[in-house]
Amino acid sequence: MNNLAPKLTSEQYENNFTEIHPAFNQNQATVEANRCLYCFDSPCMKACPTHIDISTFIKKIATGNIKGSAKTILESNWIALTCAKACPVDVLCEGACVYNERGEKPIEIGRLQRYAIDWYFEHGMPSLFTPTPKNGKSVGVIGAGPAGLACAAELALLGYDVTIYEGKDLPGGLDTMGIAPYKMSYMDSLKEVKLVESFGVKIKTRVWVGTTITLAETAQMHDAIFLSIGLGNSPDLNIPGEHLEGVCDALEFIENVTTRNWNSVDVGKRVAVIGAGNTAIDAATEAKRLGAEQVMIIYRRSEEEMPAYEFEYDLAKRDGIVFHFLTAPSRIIGNGQVEGLECVKMKLGMPDVKGRRTSHSIPNSEFRIPVDMVIKSIGQKPAESFLSQISNLKFERGKIWVNTETMQTSHPKYFAGGDCINGGKEVVNAAADGKRAAHGIDEYLFSRK
Amino acid sequence: MIDLSINCAGIRSPNPFWLASAPPSNSAYQVCKAFEQGWGGAVWKTIGEPVMNTVNRYGAIDYNGQKIIGLNNIELISDRPIEVNLKEITETKKLWPDRAVIASLMVESKRDVWHDIVKRTIDTGCDGIELNYGCPHGMSERGMGSAVGQVPEYCAMITEWVTEVSTIPVLVKLTPNIGDIRFPARAAKKGKAHGISLINTINTIMGIDLDTLELKPSVDGKGGHGGYAGPAVKPIALNMVSQVAIDPEVNLPISGIGGISTWRDAAEFILLGASSVQVCTAVMHYGFRIINDLVEGLSNWMEEKRLQTIEDFRGKSLRCITDFGNLNLLYKTVAEIDEAKCIQCNLCYIACEDGAHQCIDIIPHNGKNQPKIRQPDCVGCALCFLVCPVDNCISMVRKDDGSEAITWNELMRQLPQPLTWESLRQFQKKHGIEIH
Ligand SMILES: Cc1cc2nc3c(=O)[nH]c(=O)nc-3n(C[C@H](O)[C@H](O)[C@H](O)COP(=O)(O)OP(=O)(O)OC[C@H]3O[C@@H](n4cnc5c(N)ncnc54)[C@H](O)[C@@H]3O)c2cc1C
Ligand SMILES: Cc1cc2nc3c(=O)[nH]c(=O)nc-3n(C[C@H](O)[C@H](O)[C@H](O)COP(=O)(O)O)c2cc1C
Ligand code: SF4
Ligand code: SF4
């Protein structure tokens, strides 16, 4: 890569990646917990995709029953630590807190959740749940992300023998490999993995189903299969220069950042990120925090259509990220290495089928931006070739179709959840899907027998 | 395995948490719902003489944004007929054989009237009877409730009328509106009660509306004292429970009541001798659902302390209760400020300066005004520790001079009597105690 940004000191790295929502101390947690009104049938609970009984867990923090609080949380959500730190709470639980209606600051539900779950892990995961006796049936879970882990934990407690197959070296999916390190450390995700393993779930890492072992083999070993494979990398931009050195995929870049060996991640002095979803924002802020001097986001629609959450946008602006709206890349320029990006100006047209306005390039509006690195982040694509091995698997708008009550796919033995069915939402959705699927599988295997 | 089950005066329940006789235990619908959610028992809303309530009957005190730290009421006993209540008690007990169902009674002070109601109550199959000698308004004007509880002779007499016909345990519920709570407790013992419940509500006026100059709550312009309950009364209740618990002349099982909202409160009542605890205001505020944390929180705490049954810790703190004359006069602590935690609000300074013994200085330090304790002058009263808004910032550290403990009573035996300031000063000087 041309023009590598100079490496920072380890202190600077630590500083740049410190948690943006630090832990509560006991005093803060108690004060905040006592501020909660202990609403009945609370809107915050309904807004949480895993429907954690929020008022109850907060009340338990207020009375000092932290273990009970952790139990209330985990009863609904096995991925509670990652969720506490990474959930977009503004649009979920905290956004629904009744304090908003009173024009006051909502309860910091995420941080309180973290307080209870931190306690739980710091106290060595005291046993809270009694598994039902083994029922002799076995379920294979493909993918050890939050959806797979949640499903496995729930199934194990229901008496199933569960094996998770994970292609990567480390389990946890994007919780381990994707979430910005200033939100949480990948080690938090590994704590959740430990919890799931403590229920007797076996996790086989470095096993790519379809490559290391065949899907057919895997299916044969189990009574049901849960697909929690997430999504793949960004699709190609299909513009010239895409294969120059200095062009990379957002997820690959982010994966290197989350493992916290910041010193070994190269970043250019001037970085362009293509796309304006949450992942693009993460890639941009992470590049900046690694020491890039100038980071810009290139997005073909306007601010209004931008898919990133408002607080992510704010974070990026505070990090000094420059936004080029109504701009699309047309060519990556360089000689072996990236030297610049040629873009065209865009204008918005009529809304498309999804209601989003289409964008059209304005003729002769090309201009060039000198850059050293280009990060592609235009959404993730599903693992179509892998999924095509399953007969009769029905898709809907490029996503695996499931019965939303049971998470069963059109092939009765296969269930699915998480990003691979919703096209990429949040960890908490994956956690909710996994748990629901476990009950769907349970119902299927026992009503069938 | 933690076992929360209890036996209070022969009344058994799977956990010590009972609904107190009050609105939450007004009907079979409510009591059954509470049992479904895990309550161990319920003392039915007091039944007896025909009554009629005023419409508004509650007043509350909010404190610093927290609603209802105290709740006042002028509600009477059940305003539903005796027959209806007895029928519902019968049905409820049948549905919930393992829970404690206790009928609370209050009728005219006539022997045959009491005999009649007690017999009809026993026929419901309930587990016990609680005599309401506590209601401080309305009923007392008609010679019942606290009008009985405040006169030990009546208390003994009516209790005896009940116990002479009752085949089930009888608890006597005391009013706190009395100089010495031990007297009505002893009277109940004399009347052969099996246990004591306390406290009922405390006489209070909640406040005045400064625009209308009427009382809060105001019943068409008029009002009067009501009975006070809720978190604010807990310390008063704890004291009364402990007094009854340590009185050798009483020596009866206790059902503790007054301001219990959390498992912590319950644990404190049990540590002071209560076998069961009763809750009213907290349920009125939040609903029966609080039972989840009451049960779980208490169990988790017991597990942490390696306690298996309620009996393993019941009354454990009573051994600490003694008279002032038995306290160690040479036990010395002084305040210490953790400067790293201090936020320089200087509340400790002004509290000590104006409200205590002038032993904190404000020292300018790095552009901040840092409070500093002059430890040799500190009398150890702990006021600064109490006002400090930061956890673990001010601590009271032990600084005994190494001499053996001595109490006031022991000291009085050592010093020449009658006691003079001079001889007391000499003793203080010997131990480096500076009074200023
Ligand atoms: C950069 C980034 C940042 C994000 N930040 C947040 C955030 O802050 N908050 C939030 O709530 N959400 C965030 N998300 C979204 C969130 O991470 C996902 O919604 C969630 O992880 C989806 O979980 P999943 O279990 O469905 O899939 P994944 O987490 O993607 O896990 C799928 C797993 O399956 C494995 N796998 C796939 N195919 C196979 C196979 N054939 N054989 C074996 N293993 C296989 C993969 O290696 C992977 O480990 C972020 C996503 C990204 C990309
Ligand atoms: C509205 C109200 C009505 C009550 N009615 C009765 C009653 O009928 N009989 C009785 O023995 N106590 C009655 N009490 C007193 C309660 O049983 C209890 O002793 C008191 O409220 C203290 O407990 P708490 O702090 O948990 O509320 C009543 C209390 C309230 C607040
Ligand atoms: S899991 Fe997420 S959305 Fe649900 S309560 Fe916790 S922080 Fe809020
Ligand atoms: S809505 Fe807000 S105040 Fe109400 S229970 Fe939820 S967090 Fe507490």
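Per the listing A:Ala432, A:Ala383, the residue uniquely crowded, with 20+ Cβ neighbours inside 10 Å, in contact (Cβ under 8 Å) with a residue 60 or more places away in the chain and within 13 Å of ligand 1 (Cβ to nearest atom) is A:Ala432.
Inspect all residues belonging to segment A:435-449 and state whether any of them is in a helix (DSSP H, G or I), at pLDDT below 95 and basic (Lys, Arg). The answer is yes, given that some residue of segment A:435-449 is in a helix (DSSP H, G or I), at pLDDT below 95 and basic (Lys, Arg). Each residue in segment A:110-166 was checked for being of a type in the set (D, E, K, R) and within 19 Å of A:Ser69 (Cβ to Cβ), and 4 of them qualify. Where helices (runs of 4 or more DSSP H) fall entirely within segment A:7-87, those with at least 3 residues that are more than 11 Å from chain B (Cβ to nearest Cβ) and either surrounded by fewer than 20 Cβ atoms within 10 Å (Cβ to Cβ) or among the aromatic types (Phe, Trp, Tyr) (or both) are at A:10-16, A:43-47.
Just the residues that are assigned to a loop (DSSP other than H, G, I, E, B) and either among the aromatic types (Phe, Trp, Tyr) or at pLDDT 85 or above (or both), please, taken from segment B:131-163. Reasoning before the result, please.
Filtering segment B:131-163 down to residues assigned to a loop (DSSP other than H, G, I, E, B) leaves B:133-139, B:143-145, B:150-151.
Within segment B:131-163, B:Tyr133, B:Gln150, B:Val151 qualify.
Residues that are part of a loop (DSSP other than H, G, I, E, B), within 13 Å of another protein chain (Cβ to nearest Cβ) and not aromatic (Phe, Trp, Tyr) are absent from segment A:111-120.
Has segment B:24-40 got at least one residue that is touching a strand residue (DSSP E or B) at 6+ places or on another chain (Cβ under 6 Å), assigned to a strand (DSSP E or B) and surrounded by 16 or more Cβ atoms within 10 Å (Cβ to Cβ)? Walk me through how you get there before you give the answer.
Taking segment B:24-40 first, the residues touching a strand residue (DSSP E or B) at 6+ places or on another chain (Cβ under 6 Å) are B:25, B:31, B:34, B:39-40.
Applying the additional criterion that residues be assigned to a strand (DSSP E or B) yields none.
No: zero hits.
Considering each residue of segment A:17-26 in turn, at least one proves to be touching a Pro at 6+ places or on another chain (Cβ under 8 Å) and away from ligand 2 (no atom under 16 Å from the Cβ). Restricted to helices (runs of 4 or more DSSP H) entirely inside segment A:143-225, no element has at least 1 residues that are outside the structural domain of A:Glu443 (by TED's automatic domain parsing). Quick one: what pairs do we get from segment A:138-164, first residue more than 15 Å from ligand 1 (Cβ to nearest atom), second at pLDDT 95 or above and among the acidic types (Asp, Glu), C-beta under 6 Å, 6+ apart or different chains? Taking only residues 6 or more apart or on different chains, the pairs are A:Ser138/A:Asp161; A:Ser138/A:Asp223; A:Leu158/A:Asp442.
The values are calculated or read from the model by the stated rules, or taken from the named source; none is laboratory data. Predicted model, so just to flag it, every value in this text is computed and none were measured. Methodologically, a virtual Cβ is constructed for each residue, glycine included, from the backbone with ideal geometry; neighbour enumeration extends over all protein chains shown.
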